[in-house]
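All remarks here apply to the structure that follows.
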Amino acid sequence: MRRGAAAALFAALALMLSGASGCAKDINCREQAICGDENDNNQLSTDAAEDSSPADPSGSPEPSPAEEEQATETPPDEDAGGNGTEDGEESPFQEGDKPQQGPRTVYLSDMRPIESSAGEGTTNIAGTTYPSSVWKDFGPGRNLSSVHVVYGLNGEWTTFTADAGPDSDSRSDAVVDFEVYLDDRKLGETHRATLTEPAHIEENVTGGIQLRLVAKYVSGSTSGSYAGQAAWGSARLE
């Protein structure tokens, strides 16, 4: 009887042990399944995050080849093309300079002689009126047979121009010779003029300091003390 009870008790214990082991095994399997599901979910989340992240950390798209070429182009040289002219040509004028507005001209009537005096204003030579002219009185007398007037140039001028002759108030038969001197050196030829035939004078005075205009009474009526005026019509420097 004791032996049978012991056997029954042993069988019961064995059965209990077998059930507990199976339960623990089932629990371990369920935990592993749950852990496996969680691991799979975690892996899917990581993969999704990696797929959704941008390839460029800065967030900007990669530049195209045309954009890269444009970015590497050398900027224009401001010094070469910044002078306001086309094709980078250099301006013929330096900064602050102004283009010359044609040749300078000054009339002797607007200048003060540095030797002797002269009449100034408008005169008539051989029927033509000349504004801005100069003249000297001359006559058959010994003291008036040769007259002159001197102007300072200071090396600033290149050309002297005038139409010369006895003015219309002179004696009708007056003959006058006109000469031009630059620093006591005679320029060109002697220009002879009459009441009807003036003489055109144009001489190079480049670099000259003093301009001397000379008029000589050559021939004509000798009665009285006044023979007329030797005039330089529109006498000017350029």
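Looking across the stretch 96-132, the residues that are charged (D, E, K, R) and either at pLDDT below 50 or under 20 Å from Ser168 (Cβ atoms) (or both) come down to Asp97, Lys98, Glu120. Taking the stretch 207-227 as the range and being surrounded by fewer than 24 Cβ atoms within 10 Å (Cβ to Cβ), at pLDDT 95 or above and either assigned to a strand (DSSP E or B) or over 38 Å from the mean Cα position of the chain (by Cα) (or both) as the test, the residues that pass are Gln210, Arg212, Val214.
Checking the condition crowded, with 21+ Cβ neighbours inside 10 Å, touching a Lys or Arg at 6+ places or on another chain (Cβ under 8 Å), under 30 Å from Arg104 (Cα atoms) and of a type outside the set (Val, Ile, Thr), which residue from Ala230, Ala193, Ala235 passes? So that I can check it myself, show each step before the final result.
On the way: Ala193 fails: touching a Lys or Arg at 6+ places or on another chain (Cβ under 8 Å); Ala235 fails: touching a Lys or Arg at 6+ places or on another chain (Cβ under 8 Å).
The unique qualifying residue is Ala230.
Can you find, within the stretch 147-170, the residue that is surrounded by the fewest Cβ atoms within 10 Å (Cβ to Cβ) among those that are out of contact with any Asp or Glu (no Cβ under 9 Å at 6 or more places or on another chain) and polar (S, T, N, Q)? Taking the candidates together, the pick is Asn154. Assigned to a loop (DSSP other than H, G, I, E, B), out of contact with any helix residue (DSSP H, G or I) (no Cβ under 8 Å at 6 or more places or on another chain) and closer than 22 Å to Arg104 by Cβ - does that describe any residue in the stretch 163-175? Within the stretch 163-175, not a single residue is assigned to a loop (DSSP other than H, G, I, E, B), out of contact with any helix residue (DSSP H, G or I) (no Cβ under 8 Å at 6 or more places or on another chain) and closer than 22 Å to Arg104 by Cβ.
The values are calculated or read from the model by the stated rules, or taken from the named source; none is laboratory data. Owing to the predicted nature of the structure, the values given are computational and were not obtained by experimental measurement. Here Cβ is always computed from backbone atoms with ideal geometry, including for glycine, and neighbour counts include all displayed protein chains.
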